[in-house]
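No value in this document is a laboratory result; all are computed from the given coordinates. Predicted model only: the values in this text are computed from it and were never measured. Reconstructed Cβ throughout: ideal geometry from the backbone, glycine too, with neighbour counts over all protein chains shown.
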Amino acid sequence: MCTANNSAATGAAATTQTKSAFYKNPQFWRGAGTALAVSSGIMSAGSAITSGRAEQANYLAQARATESQAALDAISTERQIKYDLENAAFQVKQARRAGRQNFGKQLVAAAASGADLSSVSFEDVVLDSLRAEKEDIDFIKKTASARASEMQLQAELNKVAAHGQAEQMRIAGKYAKKAGKINAYSSILSSAAMVAGMWGGAK
């Protein structure tokens, strides 16, 4: 009777010891380590790919913004040129009007003083006034034209520069995405190497 009880107790203790000894099994820890390594590698790979795509999206957004700003600047420049030319045309009209008024005053003054309107001296005065009027008008037109040409050239240069910057950003975005993939592969390979190291010495 006592022997039977001792045998039962011994069997129960052995069973309890077997159940509670799993943490002493190297296979268990290798398996757990493998799961953690693989999980970590997958998470790192996913993070690298996501980061690469996000960086590419950021570069593409900057490229679009750069080109959009250049387009807006070009429109603004065209409007400014149009305004300047219209203002120049108005100034030309004003200069001609002033010239006609000046000629009228000279004519009235000459007639009031009894001067000979057909004399050479009076014609010289009139010609000088017309010459001055023409010089003023030419200066207004030349200044407006030069400014318009300069602004147009600058707008075109800015547009070309913006396009170049946008293209560089697109290329940078492309390489950022590729770098994300490379980093993802590197994470997976590192995880595989870690797992291989865990199981390399297993018997």
State, to one decimal in nm, how far the label point of residue 123 lies from the label point of residue 159, with both points 7 Å from Cα in the Cβ direction. 5.3 nm
Per residue of the stretch 49-61, what does 6.51 cos²θ - 1.76 cosθ + 1.60 with θ = phi - 60° give for ³J(HN,Hα)? Whole Hz please, x for Gly and Pro, Karplus curve as stated. 5, 4, 5, x, 5, 5, 5, 5, 4, 5, 5, 5, 5
Of the listed pairs 82/134; 82/141; 105/141, those with alpha carbons more than 21 Å apart are 82/134; 105/141
Can you work out the FRET efficiency for the pair residue 178 and residue 152, with r the C-beta to C-beta distance and R0 = 45 Å, to the nearest 0.05? 0.70
Diffing the stretch 143-149: the Karplus 3J(HN,Hα) column from phi (6.51, -1.76, 1.60, θ = phi - 60°), in whole Hz with x for Gly and Pro, holds 5, 5, 5, 5, 5, 5, 5
